[in-house]
Amino acid sequence: MEETTKLMSIKEVAEAKKITVGRVYQLINEGSLPAQKIGTHFVVAKSDCDLLVIHGKPGRPPKSNKGIY
């Protein structure tokens with residue numbers, strides 16, 4: 001019997017991990033998230049999405065006044 005792999009779109013990965021679509025592409029480009037290109041779209045195996053751990057709080061880090069003066 002052949003095993004089937006559940007594939008997720010970039011949007012589905014973003015929603016599952018509560019990150020932006022742009023961040024998903026960034027993770028793919030830096031090699032942190034394996035993806036396959038089918039036609040013009042990328043897909044990610046659900047098992048790879050489940051293994052992905054996002055560190056830190058979402059958003060831009062707060063501005064620091066240290067070292068400006």
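The values are calculated or read from the model by the stated rules, or taken from the named source; none is laboratory data. None of the values given here were measured: they were computed from a predicted structure. Cβ sites come from the backbone with ideal geometry, for glycine too, and all protein chains shown count toward neighbours.
Listed conditions (1) buried (at least 17 other Cβ atoms within 10 Å of the Cβ); (2) assigned to a helix (DSSP H, G or I) are all met by K11, apart from (1).
One residue stands out in the range 20-69 among those that are assigned to a loop (DSSP other than H, G, I, E, B) and touching a helix residue (DSSP H, G or I) at 6+ places or on another chain (Cβ under 8 Å): the one that is modelled with the lowest pLDDT, namely I54.
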